[in-house]
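The values are calculated or read from the model by the stated rules, or taken from the named source; none is laboratory data. Nothing here was measured: the structure is a model prediction, and the numbers come from that model. We place every Cβ from the backbone using ideal geometry, glycine too, and count neighbours over all the protein chains shown.
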Amino acid sequence: MTTVDFAESAAGPAKSAVIHGRARLLDACDDARAPVLFGCRAARCTTCRVEVLEGEGRLEPAGPEEAEVLATIGAPPEIRLACQAIVRDGAGRLRIRWIGPVPSDPDASPHA
Ligand code: FES
């Protein structure tokens with residue numbers, strides 16, 4: 001079980017979620033109505049950029065698409081894409097904060 005704490009951000013107040021087993025961070029965000037905004041949900045727009053404040057080991061390493069996008073924007077290691085990151089199976093705590101950018105797409109929304 002992983003507890004995910006979403007810090008308050010420009011997208012809303014702090015929230016928490018509990019994840020059982022390996023899961024997409026995206027699904028945890030949707031389930032918790034977390035203060036994280038999404039655009040494409042497909043590793044293209046980078047709207048879902050989050051800073052990992054604690055528990056980076058609870059996430060699997062970035063896959064090829066996420067890693068390529070993060071490299072393109074010159075993101076430091078603590079930055080991940082919430083639409084791509086996978087929470088590992090196991091126990092622990094993860095603390096993240098959405099850092100944007102604020103989407104220019106008027107259809108962008110925090111949750112599907
Ligand atoms: S929502 Fe577009 S990259 Fe994650």
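Some points to look at:
- Pair list, Cβ under 8 Å, 6 or more apart: region 90-112 residue under 18 Å from LEU70 (Cβ atoms), other residue at pLDDT 95 or above and of a type in the set (Phe, Trp, Tyr): ILE96/PHE6; ARG97/PHE6; TRP98/PHE6
Quick grid of which residues meet (1) within 14 Å of the ligand (Cβ to nearest atom); (2) loosely packed, with under 15 Cβ neighbours inside 10 Å; (3) over 11 Å from the mean Cα position of the chain (by Cα):
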position	(1), (2), (3)
LYS15	no, no, yes
VAL18	no, yes, yes
GLU66	yes, no, yes
VAL87	no, no, no
ARG95	no, no, no
